[in-house]
Amino acid sequence: MKHINYITTLSLTIAQLILSQIAQAQVRQLTMDDAVRLALDKNRDLQVATLETSKSAQKVVEARGYALPTVAASAQYLYYFNKQVSFLPGSFVGLGDDQLATFRVGGSNALLGGVAVSHPLFQASVRSGIRVAQIDESATGEALTTVRANVVTDVKKAYLDVLITQEQLRLQQQSIVRNEQALKDSRSLLAQGRVSRVDTLRAFVTVENLRPMLIQLTNRIGITKTILKQTMGLDEQEVIELQDSLRYNEALFASPGTDVFLDAVQARPEVRRLELLEKLNQEQIVQQIAEKQPKLSAIGLAQAQSQANNFQVGDYKWPVSSYIGLQVNVPIFTGFRTNSRIQQAQITRQQSNTQLANLKEIVRAQVKIGLANVEEARLRIQTQQQTISVAELGYRITRDRWKQGIASRLDMSDAELSLTQAKSNYLQAVYDYLTATVNLDKVLGKIK
């Protein structure tokens with residue numbers, strides 16, 4: 001019996017180990033760089049933008065196709081219930097000169113087939129259309145770069161949101177540990193008659209008031225991880241564990257040079273895209289003006305036809321007719337449509353110019369604000385580092401004084417609260433610094 005129980009226990013232990021290893025294998029370990037790489041591969045917004053660039057490339061192919069010959073084959077079958085009628089002068093059959101004679105000619109079955117070719121020789125709008133498509137392709141590429149920068153920024157900020165929430169939970173747990181120790185000391189001192197029962201009750205209430213925050217922070221960690229997974233494009237059921245920590249490293253931030261604004265304008269894909277759109281609008285004006293010019297094309301046709309009263313196709317005669325020639329189309333009046341399209345293109349170009357000027361001013365403001373936010377967070381970190389040291393010393397001194405009966409329970413609570421607040425402020429300053437550097441990288445166009 002003991003042997004059976006031993007085997008059962010051993011089997012359960014092995015099963016638990018296997019399940020534990022499987023669970024660990026299913027947890028995805030993520031650094032911030034890992035999260036960015038996954039997002040660049042799986043983010044759906046980025047996938048849509050990538051497909052848009054493929055569409056723009058096909059538009060270039062389409063635009064070039066208008067400069068190539070067009071070849072079309074056609075076939076036609078007709079059955080005449082009443083054969084076609086031809087009219088001849090009446091004098092041919094002995095009628096009066098003012099009369100017409102009618103004859104039904106041809107077969108009941110008519111077949112017609114041919115190949116038509118048209119090749120543009122001179123069409124200014126075709127060349128302009130190719131340039132429009134090429135500029136649009138470049139602008140779409142810049143739009144893809146913008147989406148990529150947004151995705152990288154969003155992933156990093158979502159990653160930092162998870163980290164600060166985890167650190168806030170750890171900070172809350174530390175505060176509870178300190179207060180639980182204070183409660184334990186208070187009960188010990190109460191037994192010795194050195195503190196009042198009220199102080200012990202106050203210490204107990206303080207501990208219990210801190211516990212609900214643990215539930216809130218734990219839930220918030222789940223929410224921030226969900227947001228991070230959604231931003232990366234991961235399945236909601238996947239379990240992730242972050243490997244990086246929320247730490248301050250001033251060396252990671254390189255101060256920009258004196259031409260930071262000009263560098264940002266040149267590096268920002270949004271600016272380059274608007275510059276390309278301005279060129280695009282100018283080319284669209286040229287394209288619309290080209291619609292007023294004549295169009296010259298070479299045309300040709302080869303056609304075979306036959307008619308008969310039966311379906312013995314093998315006996316049909318197939319006379320062939322063909323021609324080649326030139327075709328000129330000269331626009332004379334189009335109901336003012338072309339002029340209206342030219343005006344629309346000119347207005348659109350003016351809008352692009354205004355948007356570009358406005359965006360450059362926005363970039364200037366973003367750079368200034370971004371640099372100010374980084375510097376402000378850096379100064380807060382330096383201040384809070386000193387504050388934490390002072391708060392820790394103050395807490396230790398107050399705790400010792402309280403144990404000796406010199407300090408009150410209120411002094412002890414204030415010291416613990418000051419220490420927790422100092423650590424929380426430092427944590428927030430580090431988070432704000434890292435977030436500000438991420439935003440500044442985007443503002444300066446450093447995210448490639």
Note on region 190-209: residues in contact with a helix residue (DSSP H, G or I) (Cβ under 7 Å, 6 or more places away or on another chain) and either in contact (Cβ under 8 Å) with a residue 60 or more places away in the chain or of a type outside the set (Val, Ile, Thr) (or both) are Leu190, Val195, Arg197, Asp199, Arg202, Ala203, Phe204, Thr206
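Consider Glu236 carefully, then state whether it is modelled with pLDDT of 90 or more, under 29 Å from the mean Cα position of the chain (by Cα) and acidic (Asp, Glu). Write out each step before concluding.
On the way: modelled with pLDDT of 90 or more: no; under 29 Å from the mean Cα position of the chain (by Cα): yes; acidic (Asp, Glu): yes.
No, not satisfied.
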(1) surrounded by fewer than 18 Cβ atoms within 10 Å (Cβ to Cβ); (2) out of contact with any helix residue (DSSP H, G or I) (no Cβ under 7 Å at 6 or more places or on another chain) all hold for Met213 apart from (2)
Over region 359-375, the set of residues open to solvent by less than 60 Å² (accessible area, probe 1.4 Å) and closer than 11 Å to Val271 by Cβ is Leu359, Val363
Restricted to region 272-304 and to residues being among the polar types (S, T, N, Q) and under 29 Å from Ser138 (Cα atoms), the residue least open to solvent (accessible area, probe 1.4 Å) is Asn281
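One residue is enough: does region 100-112 have a residue meeting the conditions closer than 15 Å to Tyr66 by Cβ, of a type in the set (A, V, I, L, M) and outside any helix (DSSP H, G or I)?
At the first step, the residues of region 100-112 found to be closer than 15 Å to Tyr66 by Cβ are none.
Among the residues of region 100-112, not one is closer than 15 Å to Tyr66 by Cβ, of a type in the set (A, V, I, L, M) and outside any helix (DSSP H, G or I), which makes the answer no.
For (1) of a type in the set (Ser, Thr, Tyr); (2) open to solvent by less than 60 Å² (accessible area, probe 1.4 Å), each residue gets a yes or a no:
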residue	(1), (2)
Leu46	no, yes
Ala49	no, yes
Gln58	no, no
Val61	no, no
Thr70	yes, no
Leu78	no, no
Gln84	no, no
Gly90	no, yes
Residues of region 403-433 being open to solvent by less than 30 Å² (accessible area, probe 1.4 Å) and under 34 Å from the mean Cα position of the chain (by Cα), in sequence order, are Leu427, Ala429, Val430, Tyr433
Next on the checklist: It is to be established whether one or more residues within region 436-446 are open to solvent by 50 Å² or more (accessible area, probe 1.4 Å), modelled with pLDDT under 90 and over 30 Å from Glu283 (Cβ atoms).
Outcome noted: yes
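The values are calculated or read from the model by the stated rules, or taken from the named source; none is laboratory data. Keep in mind the model is a prediction, meaning the values are calculated, not measured. Cβ coordinates were reconstructed from backbone atoms using ideal geometry, including for glycine residues, and neighbour counts include every protein chain displayed. All accessible areas refer to the heavy atoms of the entire protein, side chains included, with ligands and DNA or RNA removed. Shrake-Rupley method; radii C 1.70, N 1.55, O 1.52, S 1.80 Å.
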